[in-house]
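Undergrad: The following block contains the structure, expressed as structure tokens.
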Amino acid sequence: MSRAGGSAPIPLGMVGGGEGAFIGAVHRIAARMDGAFTLVAGALSSDPARAERSAEALGLARSYGDYRQMAEAEAAREDGIKAVSIVTPNHLHVPVAKAFLEAGIHVICDKPLAATQDQASDLAQAVKASRARFFLTHNYCAHPMIREARAVVAEGALGDLRLVQVEYLQGWLSEEVDSKQALWRTDPAQSGAGAVGDIGTHAWQLAAFVTCQTPSHVAADMTSFVPSRRVDDDIRAALRYPSGAKGGLWASQVAIGQEGGLSLRLFGTRAALEWRLTEPEILTVTGADGQAQRLTRARDRSGSSRTPPGHPEGYLEAFANLYLDIARVIGGDLGPLDRLPGIEDGLSGMAFIAAAQRSAAADGAWTEVVT
């Protein structure tokens, strides 16, 4: 896989991701894996003392107690950051992203795009008005075999698409959980939605990325199985595509025994395709005659693999693929843009959440997905 070459690392900042955070560490590992970025500044917590402790632990030269101050100060520095990673709870994605976009600093934002569809629309206007670029880290689409699956579909190997089935199953919220990660995810003021936003948007984006099709209508059943929970923890949705294809999406955080059950199955007029996160390096394509072709990273035509076939790689490497592609785009190579999630992917995910919520409120009525 081609790396960033001899160019100097891009100065990177981070908002969120301090003590007790999970996804911030993932982004930091991914950003430094290829030497394409170097983390130099951060507003790592809304608590100034925690932010300072977190920055000291990471050896950051510049720590800020407020993201607005950070955006203004870094934009004014000759050696200021050129990009920022946003790894906060969902409700802060939009105000933080807007502050840095307005300062001309590229934004790398964790998913989902926002807490509400109105917030997402507001951010889309800020992206349009800014000279900086916006990227959304739907990391699963950066797995080498998912990129290969997209190529297989685009080549017509499946024929006309008929059926789409995508699932993301977890069990970690099957009861009340007292942790920082659980508390903000189950608080509607911070998350905006439950399972549908947290992992349902991953399933939605994965299916759209591989098929290059987006459903026009959904019929959704959303449930909060844990009695005191104020957000959904299970969603089942039927999907209708403009092409005539039909689909199903199931995302659950109360499926006991499931740790990361993300899977995608596609069925066309000529063949079927299957990929599972539990075996991310294997893509199975089965023809109408029943013969299955088992593709591995030896078939990776996207150049996304980092280790020789047979040497495992997965979650962190997929995140790193995004960061490396982002670095290339920031450096002027626009080649990776078609496989990088951005504002349109985020708007699509938010439109799905809103349509699913409207459908569930109408007892599962078919509802148009409006971006």
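Undergrad: Working from Cα positions, state the angle (0 to 90°, nearest 10) between the long axis of helix 23-32 and the longest principal axis of the chain.
TA: 80 degrees
Undergrad: Work out, step by step, the length gained on full extension between A362 and D221: first 0.36 nm times the residue separation, then minus their alpha carbon distance; give nm to one decimal. Each step should come with its number before you reach the end.
TA: Numbers: separation 141, 0.36 × 141 = 50.76 nm, distance 0.94 nm.
That pair, A362 and D221, stretches by 49.8 nm at full extension.
Undergrad: Moving on to the next point. For L39, list long-range residues whose amide hydrogen, built 1.01 Å from N in the peptide plane, is under 5 Å from its own amide hydrogen.
TA: Here L12 satisfy the definition.
Undergrad: Using amide H atoms built 1.01 Å from N in the peptide plane, name the residues 5+ places from C109, or on other chains, whose amide H lies under 5 Å from its own.
TA: I86, F135, L136, T137
Undergrad: Between A49 and A129, what is the label-to-label distance in nm when each label sits 7 Å out along the Cα-to-Cβ direction?
TA: So the label points at A49 and A129 sit 3.8 nm apart.
Undergrad: Comparing G332, G260, G65, which has the greatest mean-square fluctuation in the GNM of the chain with Cα pairs linked when under 10 Å apart?
TA: G332
Undergrad: To continue, here is another question. Could you pull out every residue, at least 5 positions away or on a different chain, whose amide H is within less than 5 Å of the one on A255? Hs are placed 1.01 Å off N in the peptide plane, and Pro or chain starts have none.
TA: Those lying under 5 Å, H to H, from A255 are Q170, G171.
Undergrad: Next question, about the same structure. Rounded to the nearest 500, what is the 222 nm mean residue ellipticity of the chain from helices alone, with -39500 (n - 2.57) per DSSP H run of 4+ residues and division by all residues? It would help to have the intermediate numbers written out before the result.
TA: Details: 11 runs with 121 residues, N = 371.
Taken over the chain, the calculation gives -10000 deg cm²/dmol.
Undergrad: Sticking with this one: Out of L206, L60, L101, any idea which swings most in a Gaussian network model of the chain, alpha carbons joined below 10 Å?
TA: Comparing L206, L60, L101 in the GNM, the peak value goes to L60.
Undergrad: While we're here: What angle do you read, to the nearest 10 degrees and between 0 and 90, between the alpha-carbon axis of helix 343-361 and the longest principal axis of the chain?
TA: It works out to around 60 degrees.
Undergrad: Quick one: check the C-alpha center-to-center distance for the stretch 246-262 versus the stretch 276-320, whole angstrom.
TA: The stretch 246-262 and the stretch 276-320 have Cα centres spaced 21 Å from each other.
Undergrad: Taking every DSSP beta bridge with both residues inside the chain, roughly what % is antiparallel (nearest 5)? Present the calculation step by step, with values, prior to reporting the outcome.
TA: Working: 39 of 66 bridges.
If I count the DSSP bridges inside the chain, around 60 percent turn out antiparallel.
Undergrad: What ranking, highest mean first, results for peptides 278-285, 364-371 when packing means the other Cβ atoms within 10 Å averaged over each residue? Walk me through the numbers on the way to the answer.
TA: Numbers: 278-285: 18.4, 364-371: 15.4.
The peptides rank, most packed first, as 278-285, 364-371.
Undergrad: Could you derive backbone 3J(HN,Hα) for the stretch 57-71 from the dihedral phi with the Karplus parameters 6.51, -1.76 and 1.60 (θ = phi - 60°), listing whole Hz in sequence and x where the residue is Gly or Pro?
TA: With coefficients 6.51, -1.76 and 1.60, one gets 5, 8, x, 6, 6, 10, 10, 10, x, 8, 5, 5, 4, 5, 4 Hz.
Undergrad: How fast does the stretch 295-360 diffuse by Stokes-Einstein, in µm²/s, taking the Kirkwood radius from C-alpha pairs at 4 °C and 1.567 mPa s? Each step should come with its number before you reach the end.
TA: Details: Rh = 14.4 Å.
Approximately 90 µm²/s, per Stokes-Einstein.
Undergrad: Could you sort R62, R32 by accessible area so the largest value comes first, with the probe set to 1.4 Å? Provide the component values of the computation, followed by the final result.
TA: Values: R62 35, R32 150 Å².
I get R32, R62, largest accessible area first.
Undergrad: Determine the gain in length on full extension of the stretch T278-S228; use 0.36 nm per residue of separation and subtract their C-alpha separation, reporting nm with one decimal.
TA: So the extension gain works out to 14.9 nm.
Undergrad: Could I ask something else about it? Apply the Karplus parameterisation 6.51 cos²θ - 1.76 cosθ + 1.60, with θ equal to phi minus 60°, to every residue of the stretch 182-199 and state each ³J(HN,Hα) to the nearest whole Hz, in sequence, with x for glycine and proline.
TA: Along the stretch 182-199, the couplings run 6, 4, 6, 5, 9, 9, x, 5, 9, 9, x, 6, x, 4, 4, x, 5, 10 Hz.
Undergrad: Additional query: For a test of the definition: using alpha carbon positions, the gyration tensor, and the 1.5 limit on a/c, classify the stretch 220-316 as rounded, prolate or oblate. The partial results should precede the final answer.
TA: Working: a/c = 2.74, a/b = 1.42, b/c = 1.93.
Oblate is the answer for the stretch 220-316, as a/c is 1.5 or above yet b/c matches or exceeds a/b.
Undergrad: Would the stretch 56-131 count as rounded, prolate or oblate if I go by the C-alpha gyration tensor, calling it rounded below 1.5 in a/c and otherwise prolate when a/b exceeds b/c, oblate otherwise? Display every interim value, and only then the final one.
TA: Working: a/c = 2.43, a/b = 1.46, b/c = 1.67.
Oblate is the answer for the stretch 56-131, as a/c is 1.5 or above yet b/c matches or exceeds a/b.
Undergrad: Using a Gaussian network for the chain with springs between C-alpha atoms less than 10 Å apart, which of these wobbles most: D198, D289, D234?
TA: Sorting by GNM fluctuation, first place goes to D289.
Undergrad: Follow-up. From the phi of every residue in the stretch 151-163, what ³J(HN,Hα) in whole Hz does the Karplus formula 6.51 cos²θ - 1.76 cosθ + 1.60 yield, where θ is phi - 60° and glycine or proline is x?
TA: Values, residue by residue: 5, 4, 5, 4, 6, x, 4, 8, x, 6, 5, 10, 10 Hz.
Undergrad: In addition: Does the stretch 1-88 come out rounded, prolate or oblate by the C-alpha gyration tensor, with a ≥ b ≥ c the root eigenvalues, rounded set by a/c under 1.5 and, if not, prolate when a/b is larger than b/c and oblate if not? Numbers along the way, then the final one.
TA: Numbers: a/c = 2.26, a/b = 1.36, b/c = 1.65.
Oblate.
Undergrad: Dipole of the chain, Cα-centred, from +1 at each Lys and Arg C-beta and -1 at each Asp and Glu C-beta, to the nearest 20 debye? All intermediate terms of the calculation are to be shown ahead of the outcome.
TA: Values: 35 positive and 42 negative charges, 158 e Å.
Dipole size: approximately 760 debye.
The values are calculated or read from the model by the stated rules, or taken from the named source; none is laboratory data. All values derive from a computational prediction rather than experimental measurement. Cβ atoms come from the backbone with ideal geometry, glycine included; neighbour counts cover every protein chain shown. What goes into the accessible areas is simple: the full protein's heavy atoms, side chains included, and nothing from ligands, DNA or RNA. Shrake-Rupley method; radii C 1.70, N 1.55, O 1.52, S 1.80 Å.
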